[in-house]
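The values are calculated or read from the model by the stated rules, or taken from the named source; none is laboratory data. Since the model is a prediction, treat every value here as computed from it, not as a measurement. All Cβ positions, glycine included, derive from the backbone under ideal geometry; neighbour counts span all protein chains shown. Heads up: the accessible areas ignore ligands, DNA and RNA and are worked out on the full protein's heavy atoms, side chains in. Shrake-Rupley method; radii C 1.70, N 1.55, O 1.52, S 1.80 Å.
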Amino acid sequence: MSGSFTTSAARNIFFGGTVFFFLLFLALTYQTEQALPARDNRQNLTPQVVAGKKVWETNQCIGCHTLLGEGAYFAPELGNVYVRRGGAAGGKEFIKAWIKAQPTGVPGRRQMPNFHLTDQQLDDVAEFLKYVSEINTAKWPPNIEG
Amino acid sequence: MKYQSQAVSKLYFIAAIGLFVAQILFGLIMGLQYVIGDFLFPAIPFNVARMVHTNALIVWLLMGFMGAGYYLIPEESERELHSPLLAKLLFWVFLVAAALTVVGYLLVPYATLAAMTGNDLLPTMGREFLEQPLLTKVGIVIVALGFLFNITMTVLKGRKTAISTVLLMGLWGLAIFFLFSFYNPHNVVRDKFYWWWVVHLWVEGVWELILGSILAFVLIKVTGVDREIIEKWLYVIITLTLITGIIGTGHHYFWIGTPEYWQWWGSLFSALEPIPFFAMTVFAFNMVNRRRREHPNRAATLWALGTGVMAFLGAGVWGFLHTLAPVNFYTHGTQITAAHGHMAFYGAYVMVVITMISYAMPLMRGRAANSNKAQVIEMWAFWLMTISMVFITLFLTAAGILQVWLQRVSTSPLPFMAAQDQVTLFYWMREWSGVAFLVGLLIYIYSFFANGEDAPKAS
Ligand code: HEM
Ligand code: HEM
Ligand SMILES: [Fe+2]
C-alpha cells in the first residue's frame, strides 16, 4: 500500500463506495416496501392486532421469547405458536389459557411470570400472535416446533 | 496527556468499567436461570436480567466511545476541548439517566414503567435492545448531540486528521441511526425491518468506523509508524466495511416476511463482511511489526492486537458461520446466534474500549505507562477474560448445534423445552466460563490499584 495509491484516493473511494451502496440499499428498501403488502398479512392488521402488539411490547415478551427468530433464546418461538397449538381449532384459546395459568411453579423449570392481563388484553395478544403466524416467512421455521 | 481537557474522559472510563461489572453480574444470573429455571424468580425474571445485561453493555460501550472521543479529539485537533464543562455535565446526566433506568427495570413491572414514562405518547419500548423508556431514549439523544457538538467544534477549530474525520463520521452515524429507535410501525414486519437499521447498521456499519479510528489512534501512538500509512489503511478498512455491511443488512431479512430476493443480497454481501475484519487484524499486526519505537505500555499493545484477532474471530468467523441463507434457515434465533453475539461484541467493541482505556488511563494518571507489575496483572486479566470468552462461545456453539439438530433437523423434532433439557451440560460449562470471566474482570480492576515503584514518568 504505497506508491501512487494516496490517502486522498483512498478517501475518495470510501465516499464514492459508501454513497453508491447506501443508495442501492435505499432502492432495495423501496422495492421491499412495494412487495410487502403481498406478504405481511396487512389485510388482517386490525385495531385489535395493533392493541395486541402493544400488549406484547409493554410486557416485554421479547425478553424471553423469539418472534420470527428474533429476540431471546430462553423460551419457545412464538411466531408460529398459534399454529403449533391448534390453529383455528383452539390456538387462541390455548394462548390465553396458557398466559393466565403462569407461572407453572414447577421446581427448577424455567418460569414465565403472570402479567395480570385483562380478558381484553389476553384476546388482543392472542389475536396478534395469530396475525404473526400468517405472515409469509419464506417457509421458516423448519418445522412446527419453531 | 498533552491537553488538560482530555482528563474528562477519565470519568467516562471509570463509569464504563463500573457498568461492565454490573453487566457481567446479570449475565451470570441469566446463565444460572438457564439451568436452574426458577432461580431468583419472581424477583428478577429472566427478561429483566437480560435487559440489564444488554442495556448496561450498550451504555458502557457508549460511555467508552465518548471517553475515547474526549481523549482522542483534542490530541488529534491539537487544541483543548471546546467545552470541558459541558462534557462533565453530560457525563452526570448520562450516568443518572442510566442508573434510574436500571432501577426502573428492577423495581417496577415493565408495563407500569412504560405507562409511567410516556410510552403511550410514542410507543417505542419492548423491542430487543431498545427497551429503554422514551425518556431515557430522549436523554441518550440529548447526551449524544451535546457530545457531538462538543467534539465537532473542537475538530472544526483545530487540525483535521483522517482519524478524527472517521471518528466523527462514525459517531454522527451512531446518533443518526439511533433515531430509528423512535420509529415503531404497527406492522410487525416493517417494525423488524427498520429495527435492524439501528442494530445492524450500528455494529456492522458506523460502529466499525469508531472501532477503526480508535485502533488507528492507539497504533500510531504505540508503534510510531507514519500517520500517512496508518490513515491509508484506515480508509481501506472502512471502505470495505461499508460496501459489504450496508447491503449485508439483508442477512436479517431472510425470514421476517421480507421478499425472498434478500436471501441472495444478504448472503452474498454479508459473506464478504469478514474481509474488513481480517484487514483490521493484518493491519494491527503489520503496524506492530513495523514499529519504530518500543512503547513502555505493552499492555495497551496487547489489547490492540487482541482486538484485531478477536473481532475477526467473533464477527468474521462466527458471523460467517451462520450468515448464508441455507444455513441461517436452521440456526436463526438459536444459541448459535448467542455464541456469535457474545464473541463479536467482546472482540470488537469491548476490547477496543479497553485498548483505549489501557493506553489513556496511565497518561491521565501522570505516567507514560503503568509499572511493570501493574502491566503484568493487566495482561493476566486480558488472557483470563479473552480465553473465558472463547470458552463461552465454544460452549454456546455446541449447545446451538445440538439444539438445531434436536429441534429443527431431526426427523422427530423435540419441542423447544425438551431440546433445552438435553443441552444443560453445556449451559453449566458456559456458566463456569462466565465465573472465570468475572474473575478476569476483577483482576483487571485490581490492576489499576497495583502500583509498583517503577512506573515511567510521562514526558
Ligand atoms: C463482555 C462480555 C459479554 C458480552 C459482550 C455479552 C453480550 C451479550 C449480548 C449482546 C447478548 C444478547 C445476545 C443475543 O441477542 O444474541 C447477551 C445475552 C446473554 N448473555 Fe452476555 N455478554 C457478556 C458476558 C456474559 C457472561 C459472562 C454471561 C454469563 C455466563 C452472559 C450470559 C448471557 C445470557 C444468558 C444471555 C441471554 C441469551 C438469551 O437471550 O437467551 N454474558 N450477552
Ligand atoms: C462486531 C461486529 C458484530 C457484532 C457486535 C454482531 C453482533 C450480533 C448480535 C448481538 C446478533 C443477535 C441479534 C439479535 O438479537 O437478534 C447478531 C446476529 C447476526 N449476525 Fe452479527 N455481529 C457482528 C458482525 C457480524 C458479521 C461480520 C456477520 C457476517 C459475516 C454477522 C452475521 C450475523 C447474522 C447472520 C446474524 C443473525 C443470526 C440469526 O439469524 O439469529 N455478524 N450479530
Ligand atoms: Fe448483521
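So here's what we get for this one:
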read-out	value
Part-to-part distance (alpha-carbon centres) for region B:134-172 and region B:255-330, which is given in Å	25
Test item: B:182-188 mean partner chain Cβ contacts at 10 Å	5
Theoretical FRET efficiency, 1/(1+(r/R0)^6), r = Cβ-Cβ of residue A:35 and residue B:122, R0 25 Å, to 0.05	0.35
Residues in region A:8-51 reached by a label modelled at residue B:260 [backbone nitrogen below 14 Å; 7 Å Cα→Cβ]	A:39
Within the accessible area of region B:339-419 (1.4 Å probe), percent carbon and sulfur	77
Max mean-square fluctuation residue, GNM over chain A, Cα-Cα springs under 10 Å, options A:55, A:106, A:19	A:19
Furthest towards positive pole of dipole, B:68, B:32, B:45, structure part region B:1-153, Cβ charges	B:68
Simple Cβ-charge dipole of region A:42-133, Lys/Arg +1 and Asp/Glu -1, about Cα centre, in debye nearest 20	180
Between helix A:119-133 and chain A: long-axis angle, C-alpha atoms, 0 to 90°, nearest 10	50
For residue A:66, residues with placed amide H under 5 Å, excluding near neighbours	A:72, A:75, A:77, A:78
Residue list for region B:9-47, given a label point 7 angstrom along the Cα-to-Cβ vector of residue B:449 and an amide N cut-off under 18 Å	B:14-22
Efficiency of FRET between residue B:380 and residue B:194 - r from beta-carbon atoms, R0 51 angstrom, step 0.05	0.70
Contact order normalised by residue count of region B:41-151, Cα under 8 Å, 6+ apart, percent	34
Inter-chain shielding of A:107-119 (mean C-beta neighbours from other protein chains, 10 Å cut-off)	4
Cβ neighbours within 10 Å from other chains - mean over B:229-242	5
Angle in degrees between helix A:91-101 and the longest Cα principal axis of chain A, rounded to the nearest 10	80
Interchain or long-range residues, amide H under 5 Å from residue B:367's placed H	B:458
Acute angle (nearest 10 degrees) that the helix B:188-201 long axis makes with the longest principal axis of chain B, alpha-carbon atoms	30
Per-residue ³J(HN,Hα) for region B:308-313, Karplus 6.51 cos²θ - 1.76 cosθ + 1.60, θ = phi - 60°, Hz, x for Gly and Pro	x, 5, 6, 5, 5, 5
Loop chymotrypsin sites (Phe, Trp or Tyr not before Pro), region A:1-96, which have at most 14 other Cβ atoms in a 10 Å radius of their Cβ (DSSP)	A:5
Prolate/oblate/rounded label for region B:1-95 (Cα gyration tensor, a/c 1.5)	prolate
Potential extension, residue B:183-residue B:428 segment - 0.36 nm per residue separation minus Cα distance	84.3 nm
Region A:1-33 and region B:1-46: distance between their alpha carbon centers, rounded to Å	37
Computed FRET value (nearest 0.05) for residue B:103 with residue A:20, which takes r as the C-beta separation and R₀ as 41 Å	0.35
Among A:28, A:129, A:45, residue whose mean-square fluctuation peaks in a GNM of chain A (springs only between Cα atoms under 10 Å)	A:28
Pairs of lysines in chain B (C-alpha under 28 Å apart; 8 or more residues apart or interchain)	29
Positive-end residue of B:300, B:256, B:438, charge dipole of chain B with Cβ unit charges	B:300
Label-reachable residues, region B:98-135, where backbone N falls under 13 Å from a point 7 Å from residue A:116's Cα toward its Cβ	B:108-113
Mean Cα-pair separation over length for chain B, i.e. relative contact order, pairs under 8 Å, 6 or more apart, %	14
In sequence order, calculated HN-Hα J values of region B:39-44 (Karplus, 6.51, -1.76, 1.60; Hz; x Gly/Pro)	4, 6, 8, x, 4, 10
Two-site label geometry, residue B:391 and residue B:365: point separation in nm, points 7 Å out along Cα→Cβ	2.8
Top of A:95, A:62, A:13 by mean-square fluctuation, Gaussian network on chain A, Cα under 10 Å	A:13
Cα gyration tensor shape of the protein assembly as shown, rounded if a/c is under 1.5, else prolate or oblate by comparing a/b with b/c	prolate
Relative contact order %, region A:42-133, counting alpha carbon pairs below 8 Å whose residues are six or more apart	36
